[in-house]
Amino acid sequence: MAAVNDNIKSYTGFKAITILCLVVLYAPLVIVTIYSFNASKSITNWEGLSLYWYYDIFAGPESAKWKEAAWNSFTIAIVAATMATSIATLAATAMVRGGKFKLRTASFGLISLPLMVPEIVLAVATLIFFNSIGFTRGYFSILVAHTAFCIPFAYLPIQARMQGIEDSFEQAAMDLYANKRQAFTKILLPLMMPGIISGFLLAFIVSLDDFIITNFVKGAGVETLPTAIFGSVKQGLKPNIMAISTLLLGVSVVMVTISYFVSKKDNTQ
Amino acid sequence: MPDEAFNMAQHHKDADMSPSSTAAIEVRDAVKRYGTFTALKRISLTIEDNEFFTLLGPSGCGKTTLLRMIAGFEDVTEGAIHLFGDPIADLPPHQRPVNTVFQNYALFPHMTILENVAFGLEMRGKSKSEARSKAGEMLELVQLSEFAKRKPSQLSGGQQQRVALARALAPQPKVLLLDEPLSALDLKLRKAMQLELKHLQRETGITFIFVTHDQEEALTMSDRIAVMSAGEMQQLGSPTDIYERPRNMFVADFIGETNLLEVSVDAIAGGRATCHLGGGHELTCNEVEGIGVGAKVHLSIRPERLFMSEEPAEGESLKGRIKENIFVGTDISTIVELAEGPDFIVRTSNSDRGNKRIFEPGTEMFVNMELGAGRLLID
C-alpha cells in the first residue's frame, strides 16, 4: 500500500498559485523599494543608483512638510497606541478575570465590532460625532479617533495572552500576602507583557498607516504621512513618494518582526 | 499591613478565653453553595495546633472547596471559620496567616526560585535583603540552594514541588494548606515526598492541612483524617480508627480493600452481635451502637484479617472453596467461594507461602477470622 502523500507541494497547482500570490503581494513593494534608489526624475526610467530622493525628503524644498507629517504620524501613533493598549489591558483584565457577568459576550462583541465595521462607515460616523459635539478638527481629533479604533487591535493579543495565564498565579500571590494591586502589578502584568507589547505594536502600525479615518477627521492644515503622501500623489507621482513609502515599509517590517519575537517568547512556562 | 492584622488578631486571642481558641482551625457549620448546588453541607470540625490533618475523599466531595475556604479563595456561604480563635471567614486571602501549596505549584514563571521563595516575605514587609537571606535558608532546608538562580521551568516536577513547599513555609504561616501537592509526581518520588512532608511538619511544628484523594497517602501521613463524600463528613478519626473501625459503608469501601457482606443481626448479647449471611453462615462481631436485632446491614471484613486452613481454626470459621489466586507482589489475593454464600477475598502475605497457607484453586478449606475482625456498618 502506498503511503498517503499529504505533502502540500504535491497538490495540483500549488506552485503556480503560490508564485502568483507572492508576485501580486510583493512585486509592487519590491519595485517601489528599488525605484526609490533611482537617480531619475521619472518614476519608470532607471538611470542609476542614487540616494537623491531620500536627500530630497529630508533636505529638499518639501522637507518641512514631510517632517511635520512624520512628526504628527509618529506622535499620534505612539500616544494613541499607548492609550489604546492601556484601555485594552484593563478591558482584557475585566473580561478574562472578572468572572461571569451579564452581557459578557455582548461586551466582547462591542470591543471587537470596529474590526468588522467598514472603515468608511466608522470614518463618517466619527466625523459626524465630532461635529455634533463641537470637537474642532485637528491634531487632537485625529488622536482621539486613532485611540478609539486602535483599542480592538490592541485588545485581541492581550486577551489571547491572558487566557493562557492560569489564575492560580494571582491566587498564589494573594496567598503570599500580596493585595489585589500587588498581585496585578507584580504577577499578572509581567506575565501579560508579551501580549501587551504585541498589542501595542499592532495598534502603533494600524495608527501609523491609517488613511480613511484620518482623512475625515484631520481638518485643514494637519497632515499625517498617509494623508500627505495621498495629497502629493494627487499632484503627480514623484520618486520621493517611493522613498517615503520605502521608509514606512521599513518601520512596519521592524515592528512586525519585534511583535513576532515578543509573542513567541512564552514566560508562563 | 498584614502584620498589623496579625497583631490585632493576637489581641483578640488574648481577650477571648474560650477553650476553642487553642485549636488551629475551627470550622463551624460551614456551608458552601454555588447557586442551587450545595458543595458543602454544614461541616464542623476542629483541627488542633501542630496536627497533620488530612481531608480525604473522592473528587467532587468538597475537600478542596473547604481548603480554599480556609485559604480565602472561596467565600463561606454560611457558618464561620476560626484561626486560633479569631474569625477569618471575612478576611481576604492576603490577610490570613495561612499559606497554600497549590496542586500545580503555581510557581511564578517570570521569577527565579529565590525570588519565588522570597515573595511572601517581601509582601509581609521584610526588606529585600532580609527576605532573600531567609529564602536562601528555606531553599537549604529543601536542599535546592544550588537552583536559587534558575527559573521554575528549568526544574523537575519534584524540585518544583519542594520550591512550592519552601515558598509557602518561608513566611512561617500558622497553618499550611496543601492541595493534593503530590498528585503530579511519580510513585517513587511521591513516597519519598510523603516522608519528607511528614518530617517537615514535625520539624516546623506548623499545622498542616492536607487534601488528597489517595487513601494510602492519607493513612501514611496523617495524625487525623476527615473522610468526606458528597459535601458531607463521613468520619473523622485517626488512621487506625478510620481503617479498623469504619463508621459506614462509604468509609469502609473507600479506605482500603474490604469484603462487604449483607448480613442480618439475629441476636445481641454481651457486646457481641450474632449475624447471619447468605447460605446460612453465621458470624459474630462487636456490637455497634445504633444497630439492633433484626437490622439488615453490611459487615466489613478486611481481607488481611482473614486466613485459610484445612481444619476450622479457633474463632470464626466458614467453609468454602478456593476460586482463584491473584498474585499482587507482596501479597496474594485469594477469592474464596462460600457454599451458597457470597465470595470472599482473602489476602495472604507472600511470605506465608512457606507456611502452606495458600491453597490451589478448587481446594475445599475454611476461612477463619478472629472474633471482632468484622465490623458492622451503618448505611
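The condition of being over 30 Å from B:K41 (Cα atoms), in contact with a Lys or Arg (Cβ under 7 Å, 6 or more places away or on another chain) and in a helix (DSSP H, G or I) holds for only one of B:L114, B:L165, that being B:L114. When we screen A:F216, A:F261, A:F184 for residues that are of a type in the set (F, W, Y), out of contact with any Pro (no Cβ under 7 Å at 6 or more places or on another chain) and within 14 Å of another protein chain (Cβ to nearest Cβ), the only hit is A:F184.
If you filter the range B:120-148 down to residues that are more than 31 Å from the chain's Cα centre (by Cα) and assigned to a loop (DSSP other than H, G, I, E, B), you find that the one that is nearest to B:Q160 (Cα to Cα) is B:A148.
Selection of first residues in the range B:183-195 that are in contact (Cβ under 8 Å) with a residue 60 or more places away in the chain and of second residues that are assigned to a helix (DSSP H, G or I), restricted to Cβ pairs under 7 Å at least 6 apart or on distinct chains, gives the following pairs, ordered by first then second residue: B:A184/B:G157. Taking A:T136, is it modelled with pLDDT of 95 or more, surrounded by fewer than 19 Cβ atoms within 10 Å (Cβ to Cβ) and of a type in the set (S, T, N, Q)? Answer is no for this residue. Can you run down the residue pairs with Cβ atoms below 6 Å, 6 or more apart or on separate chains, where the first is in the range B:310-336 and exposed (fewer than 15 other Cβ atoms within 10 Å of the Cβ) and the partner is β-branched (V, I, T)? Short answer, once both residue conditions are applied: B:K323/B:I335; B:E324/B:I335. The single condition among (1) at the interface with chain A (Cβ under 10 Å from one of its Cβ atoms); (2) among the aliphatic types (A, V, I, L, M); (3) under 25 Å from B:E180 (Cβ atoms) that B:V76 does not meet is (1). Annotation note: of A:I158, A:I165, A:I187, A:I196, the sole residue that is touching a residue at least 60 places away in the same chain (Cβ under 8 Å) and surrounded by 24 or more Cβ atoms within 10 Å (Cβ to Cβ) is A:I158.
Search the range B:110-137 for residues being in contact with an Asp or Glu (Cβ under 9 Å, 6 or more places away or on another chain) and facing chain A (nearest Cβ under 8 Å), and hand back the single one that is nearest to B:E180 (Cα to Cα). Among them, the one singled out is B:G120. Filtering the range B:87-109 to residues that are more than 10 Å from chain A (Cβ to nearest Cβ) and crowded, with 21+ Cβ neighbours inside 10 Å leaves only B:I88.
When residues in the range B:337-354 are screened for being surrounded by fewer than 16 Cβ atoms within 10 Å (Cβ to Cβ), within 19 Å of B:G279 (Cα to Cα) and under 31 Å from the mean Cα position of the chain (by Cα), 1 of them pass.
The values are calculated or read from the model by the stated rules, or taken from the named source; none is laboratory data. Since we're looking at a predicted model, the values are computed, not measured. Note that we place each Cβ from the backbone using ideal geometry, even for glycine, and neighbour counts take in every protein chain shown.
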